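Values in this text are rule-based calculations from the coordinates and carry no lab data. Quantities reported herein were computed from a predicted structural model and do not represent experimental measurements. Note that we place each Cβ from the backbone using ideal geometry, even for glycine, and neighbour counts take in every protein chain shown.
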């Protein structure tokens, strides 16, 4: 995170600043947008229409090109290449109008009215209409689609009736979204949602052309012929789970003048050493680098790392492991973890040590500052301090009446988690004599199932933000939440979260903000989780390429403004 | 081949030099070639026909072959190193020293020759760079004989630690092959007909399902560890051997010596294991040799589903898997486990060749 | 003979059906679920199960699947390529795996046979030792290490072949993966050929052939090799299936859109339909090849045919 490129101007500010103009946020982050906007802007002036296409490396194949079905970052990135939502992200991550020309928010904050641009068209020539959005959103909550991200409309978006439709008790036509006319879309919310506009660039909220969708039957999104584009690029070659596919510039895009690339060539490479060699031969313009290869690239100016948004943490099972229900033991463990060393010596990909329950650099508050910029604010309960760890450890031994502890830790079978887990094991065992950690390596699906069923003692897990608000993390630890793996329960905490998400504080941004700090403090005071690090992606980017926008939320890479020189 | 054939030609066509010369156009034989050597003293000790046990014969024939003896010595050395190697320096297989990670090999005394002095050349994207991390970090008295890995663990210690696990797996695989696979194949091939049909269909069902599917299911009932690995191998590794054994049995069972034995009233069990088995020992041993590396790598593959040797423990297979990630950055790291693996396999093969010849009853006449 | 072949084909079909049923039961037992993302709630999971009919009893799912299969419908993928018909996935990917695997088999078998014959004929000489060392390296170095090494040398440094698979140059970009894949086959064929050839060369009928004045290539190929072929085919047959159904690591390294990595991803993601369909194709190929091998035994060695007919 050297350049702190991904400091985000949070869309909430836009919602705060709701005035007649739609785009209030772009000013709040002028200092932070180092590469993104500045370079993109400078090249807009240059008249050389670059004809070259950008060669992009992907780590995993696309899982789905259906915006309401896709759930992974790779699919989102590609879908966003050829589809525009109502809003799109600007270089700083703020929501800016895209398909929507302008919008209004009602006094009570519960009704949003979007006006769709007249020149927005699908690649088959149809205009983009409000009905396309209604159809897309209805698909997202339709139990027949069984969209895994339907909760973006219900729990998070709070769209009227979304929860009931998902549960099957109401018909999709009752969803609180209506096409007033072809170009006007009206959305009804249960409660004011401060970050609602920032949801609009999330692919689950993208439009789908109903007529086209129905003409594709079951094959929607499986080939260039079965997708429609209304974005900067169009798909030219693709097959499901392809290892290579291409897009080219969409000439009928309303913003086509600003698109400099002639196209995008995606190449899936799952072996990072091959990827780096391909980059070196010039076959790739942008590629991910593994921590082990950093020695090869660290002196190269085109090497950089960017926030990927994921917070990795250890979740102790307090519900069914009596020893871990002991707060002193948990505190001893969190003090025994040397997070800086994990990041700088083992991961080496630029990941940053994290001492807060909400990772830094994705959520910006009413005053424009990063929610977790200050990583030392909980240093009395979460830091690396072997002496403190030992004194808590002694206290825990006294209280529990035992001298040795043995815990199993479930870990994904992927490369990075295995590495981290081995260091965590070593650190806990060396700092806390008498403690033994056994690593249980499992495929991710299995690990998640074990943790959801409470069938674990310690779990190394991660969480990526769904939207640019601390609540995407904090809501996890409420009583009964399915991601509250540790089965922790605290009435005060639940009350704060309730009040911040659907209660009084919804309309009081500053009060909500400080209440969320209170909630985070409870989590760390009681060591409900042991935060470890915020994941970063180490990347190599061809020095001739500028203007790629990187974000830790929703759309990791956006190429609309990218330029590849000569 | 020429010698072997000639050895037998000698007996039949002793009297006819011309006929022998016709059979072997690339050599010219003279009458002298067929005369008895003046070695009356030697031939009095007739090892071939002296009344001694089969196993003594085998032993003598085995030790006569130099390459087999070399292989045997290497196996003993590797086994000893697997036991003693990890305790030959102060490092442990799991002990991490993150400040000393990715150090190149450095060996006392030899370092003065300019090799193994801890310097390495890294091919970076901006050109090659030669560094000596020991000097840069001021680690004067630190020696990693095979270098250190990404966690600052000693590769020497881990290689021998891994060799130990892999040797256990190798032995287990060989036993499984011999006991389950071979018996299954021999019995199936010998009885033929309905028995064969049923046994082969069962084998097809067992082998027609990808092994990763079967192994994933083992997660339900077993904890990761050596025993689990052996059990997983037991479920999947016997098939290849049983097919070889069956094919050999099909080839041999119609031959006269089997018929003769049956006529003499020998039971099926006797014919299978005492008559046929010694005659097919060659391909059987070759198959055992091949099941060993397969087993060693299957073990590493099992870690995909969480059944491999649990980290930070290691085997040669898992070490190669792990160090593969540094292949282009620090190539020296992957060499020790691969070298041990190749040496081990070479030794196994040489021993196997020796054993094959020593055990083959047809060789007795030589 | 005809009757025997017919009977063999019929039993093979029953075996396949049995495998399919076993696969279904195994899938039900498999730990985890295809829908196990951190973000998924229990209700959502139930909805997804209902959508794909996974809430029905195994036996119902089995008959539905068999019914679908007879119509050429193998179901859809649940998560690795969401909602994509599996027949579509297989149609595009299997030919690539078969092609690269086929090249690897051919290369491995030819080089292996040659090495094995040389080693047997020049027994206990330097050639024998060399052939042994080559084949030992072939089995003891994993294919992904070969793959990366080849890619580094011939793809990156010398740039003779593409480092990654590309549809624009399928033959060229199949060279490096085929070589890496063929190493194990080459090594095992070489060793088996050597050991079988030695066996045959020592046998009485070779002596007879030699004494009849047959020599040179005719002796080796018509008489020696032919008799050594049965066990070699036995070893080669399952290797063919393994190679043609793709290899996880080599596909990953060369970015080959084959079926090997698909199967492993599917197992790890519990994508039941994909696992079942690919496993089934694997089984079908395996059983098909076994069938061919059994019939070949008869062609190569008339004694087996006789004994089979006797039964």
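Tabulated values for the structure
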quantity: 10 Å Cβ neighbours from other chains, averaged over peptide C:248-257; calculated: 5
quantity: Among C:232, C:96, C:170: highest mean-square fluctuation, GNM of chain C, C-alpha pairs under 10 Å; calculated: C:170
quantity: Relative contact order for chain A, counting Cα pairs under 8 Å that sit 6 or more residues apart, in percent; calculated: 20 percent
quantity: Between segment A:381-426 and segment B:170-208, the Cα center-to-center distance that results, in Å; calculated: 48 Å
quantity: With Cα atoms, 0 to 90° folded angle of helix A:509-525 axis to chain A main axis; calculated: 40 degrees
quantity: Simple label model, 7 Å out from Cα along Cβ direction - residue A:167 to residue B:126, nm; calculated: 6.0 nm
quantity: Helix A:491-501 axis, angle to chain A major axis (alpha carbon atoms, nearest 10°); calculated: 10 degrees
quantity: Pair residue B:335, residue A:502: separation of 7 Å Cα→Cβ label points (nm); calculated: 6.5 nm
quantity: Residue among C:26, C:17, C:40 with the largest mean-square fluctuation in a Gaussian network model of chain C, springs linking Cα atoms under 10 Å; calculated: C:40
quantity: CD proxy at 222 nm, helix term only [per DSSP H run n ≥ 4: -39500 (n - 2.57); per residue of the protein assembly as shown; nearest 500]; calculated: -15000 deg cm²/dmol
quantity: Sites residue B:202 and residue A:394, calculated FRET efficiency, Cβ-Cβ separation with R0 56 Å, nearest 0.05; calculated: 0.40
quantity: Whole-number percent relative contact order across segment A:317-358, with pairs defined as alpha carbons under 8 Å at least 6 apart; calculated: 20 percent
quantity: Neighbour-count order for A:119, C:271, fewest beta carbons within 10 angstrom listed first; calculated: A:119, C:271
quantity: Least to most buried among A:551, A:115 (fewest other Cβ within 10 Å first); calculated: A:115, A:551
quantity: Alpha carbon centroid spacing (whole Å) that separates segment C:58-121 from segment C:205-251; calculated: 25 Å
quantity: DSSP beta bridge pairing in the protein assembly as shown, given as percent antiparallel to the nearest 5; calculated: 80 percent
quantity: For A:263-275, mean number of other protein chain Cβ atoms within 10 Å; calculated: 5
quantity: Sites residue C:212 and residue C:9, calculated FRET efficiency, Cβ-Cβ separation with R0 45 Å, nearest 0.05; calculated: 0.65
quantity: Two-site FRET efficiency, residue C:160 against residue C:87, from Cβ-Cβ distance with R₀ of 35 Å, rounded to 0.05; calculated: 0.45
quantity: Sorted peptide list for A:163-170, A:459-466, criterion being average Cβ within 10 angstrom, highest first; calculated: A:459-466, A:163-170
quantity: For C:135, B:87, order by how many other beta-carbon atoms lie within 10 Å, fewest first; calculated: B:87, C:135
quantity: Ordering of A:221-234, C:68-81 by packing [mean C-beta count within 10 Å, highest first]; calculated: A:221-234, C:68-81
quantity: Within 10 Å of each Cβ in A:443-454, the average number of Cβ atoms from other chains; calculated: 6
quantity: Mean separation of Cα contacts under 8 Å, 6 or more apart, over the residue count of segment A:307-536: relative contact order %; calculated: 36 percent
quantity: Listed residues C:171, C:185, C:41, most fluctuating in chain C (Gaussian network, C-alpha, under 10 Å); calculated: C:41
quantity: Principal-axis tilt of helix C:58-70 within chain C, Cα atoms, nearest 10 degrees; calculated: 70 degrees
quantity: For peptides C:57-63, B:246-252, A:356-362, sequence by mean Cβ density within 10 Å, most packed first; calculated: A:356-362, B:246-252, C:57-63
quantity: Cα centroid of segment A:292-346 to Cα centroid of segment A:207-257, whole Å; calculated: 39 Å
quantity: Antiparallel bridge percentage (DSSP; both residues within segment A:307-536; nearest 5); calculated: 60 percent
